[in-house]
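Read-outs: derived from the displayed coordinates by stated rules, not from any lab. These figures come from a predicted structure and were not determined experimentally. Using ideal geometry, Cβ is built from the backbone for each residue, glycine included, and neighbour counts are taken over all protein chains shown.
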């Protein structure tokens, strides 16, 4: 089991893409999905998250998830992390067991939304998921979507569970990385979840980033993280400045509306999203065209 934890820790760092889910006629675009997996293998991306927020995970059927996990695991030789999350604990366990059965490298489990539970409720939720499975678990803190936050104290408590190997932190409070790094008693993966704050999160103890922007600029995002890891501060700052306008453009409307439009602009797939999401505003398209055709 110790070997499993060390392997997971070494997997989940660097530039990790929060992959979009390409659709055609409201169905999964299998070929574009496979092409994206291969592109990231070739571009320095260190792991791939599928079925997450950027992947419209809450809008996917169970059959969609089965197909995507199967394809991703088959086509990729870099780790596949599966986003899992519903308001109900048993439904999350079912998703986690599906990912485990299909050979995923780990799961990214978001805090349960809508029901607005307590910190103790969050602990019991994640513990139940952990205890029911045998796969590395990354916590996912995204209070902007879930309305509840995994506090740093709760994260440290959850890190005591054997296969809770880290956290994705979608927050502007980059000090959380330092607080967790100070308090944790084992090796864990601290991953930023918001591209505009990535530099600060890395500087405060982060190991990498689960990135929206890596969908569009995987090579640059990998170079950005590598520059920090290698102590190349000049290059790190240069890339941070170059990427920042795109970071902001890709969250100018609810994710993944802008990034899917960007993917169509660069010719990787259609911009289609599923309802209740809709297409981007003209101003968003103009900004993306300017940034991506420069």
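Overview of values
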read-out	value
Some residue of the range 270-289 being under 19 Å from residue 56 (Cα atoms) and part of a helix (DSSP H, G or I)	no
Test: residue in the range 87-100 that is out of contact with any helix residue (DSSP H, G or I) (no Cβ under 8 Å at 6 or more places or on another chain) and within 16 Å of residue 21 (Cβ to Cβ)	no
Residue within the range 256-266 that is surrounded by fewer than 21 Cβ atoms within 10 Å (Cβ to Cβ), in contact with a helix residue (DSSP H, G or I) (Cβ under 6 Å, 6 or more places away or on another chain) and in contact (Cβ under 8 Å) with a residue 60 or more places away in the chain present	no
In the range 12-36, the residues that are assigned to a helix (DSSP H, G or I), surrounded by fewer than 24 Cβ atoms within 10 Å (Cβ to Cβ) and in contact (Cβ under 8 Å) with a residue 12 or more places away in the chain	30, 32, 33, 34, 35
Residues of the range 130-160 satisfying the condition of being part of a loop (DSSP other than H, G, I, E, B) and crowded, with 16+ Cβ neighbours inside 10 Å	133, 135, 136, 142, 148, 149, 150
Residues of the range 164-213 classified as touching a strand residue (DSSP E or B) at 6+ places or on another chain (Cβ under 9 Å), under 24 Å from residue 127 (Cα atoms) and not in a loop (DSSP other than H, G, I, E, B), total	15
